Amino acid sequence: MSDVTIKTVDAIPYFEGERSIPGIKFRMAGRDLDVTAWGMNVLEIDPGCAGYPEHDHAKDGQEEVYVVLRGGGTLRAGTDEILLSTGMLARIAPAQRRKIVPGPDGIVVLVVGGTPGKAYTPR
């Protein structure tokens, strides 16, 4: 038997709890697919949602790659505003402050992250 896990994004449950943010579906895709080598999440941000927090990963040293699966929006990185659209990839350094702002159709982003030189520990 093959060692393959296949799911649609919609089949992966999104986080619902005290710390959930209205207008954002945060899907722990890596955990749901049993990925053990890196972190991987899918963010679905509704049009008009301003709740995605500006943040960085300076403390944990994690760099991230955003892959836009659907829709579009703006990546605010420091003083830069970078337009994102379907099919685009963006690498963000750990210390870089960043925030995703969805466009009029919302945005769905695959986020892949890891810390260079450090073993990944799934949660």
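Can you give me the relative contact order of the chain as a percent, contacts being Cα pairs under 8 Å and 6 or more apart?
Once normalised by length, the contact order is 30 percent.
If we count every other residue with Cβ under 11 angstrom of HIS57's Cβ, Lys/Arg +1 and Asp/Glu -1, where does the sum land?
Value of the local net charge: -1.
Using θ = phi - 60° and the Karplus form 6.51 cos²θ - 1.76 cosθ + 1.60, what ³J(HN,Hα) does each residue of the stretch 80-95 get, whole Hz, x for Gly and Pro?
For the stretch 80-95, the Karplus curve yields 8, 10, 10, 6, 10, 9, 3, x, 7, 10, 9, 9, 10, 5, x, 7 Hz.
Which of LYS25/LYS59; LYS59/LYS99; LYS25/LYS118 have a Cα-Cα distance over 19 Å?
Long pairs (Cα-Cα over 19 Å): LYS25/LYS59; LYS25/LYS118.
Based on the mean of other Cβ atoms within 10 Å per residue, sort peptides 103-113, 78-88 so the most packed one is first.
Going by the mean number of other Cβ atoms within 10 Å, highest first, we get 103-113, 78-88.
For volume of the Cα convex hull per residue in Å³, one of [x] 123; [y] 165; [z] 88 was computed from the structure I shared and the rest are decoys. Which label?
[x]
Under the Karplus relation 6.51 cos²θ - 1.76 cosθ + 1.60, θ = phi - 60°, what is the ordered set of whole-Hz ³J(HN,Hα) values for the stretch 43-51, x standing for Gly and Pro?
Result, rounded to whole Hz: 10, 10, 10, 5, x, x, 6, 10, x.
Taking all protein chains in place and a 1.4 Å probe, what share, in percent, of the accessible surface of the chain do carbon and sulfur account for?
54 percent
For the pair THR86 and ALA11, what calculated FRET efficiency results from E = 1/(1 + (r/R0)^6), where r is the Cβ-Cβ distance and R0 = 25 Å, to the nearest 0.05?
So, using R0 = 25 Å, E works out to roughly 0.75.
Using 0.36 nm per residue, how much length does the chain from ARG31 to ARG70 gain when fully extended, once their Cα-Cα distance is taken away?
11.9 nm
Per residue, what accessible area does the chain have, given a 1.4 Å probe and all protein chains present, in Å²?
Result: 64 Å² per residue.
The values are calculated or read from the model by the stated rules, or taken from the named source; none is laboratory data. What you are looking at is a predicted structure, and each value in this text was computed from that prediction instead of being measured. Backbone-built Cβ (ideal geometry, glycine too); neighbour counts: all protein chains shown. For the accessible areas, the whole protein counts, side chains as well, though only heavy atoms, and no ligand, DNA or RNA atoms are used. Shrake-Rupley method; radii C 1.70, N 1.55, O 1.52, S 1.80 Å.
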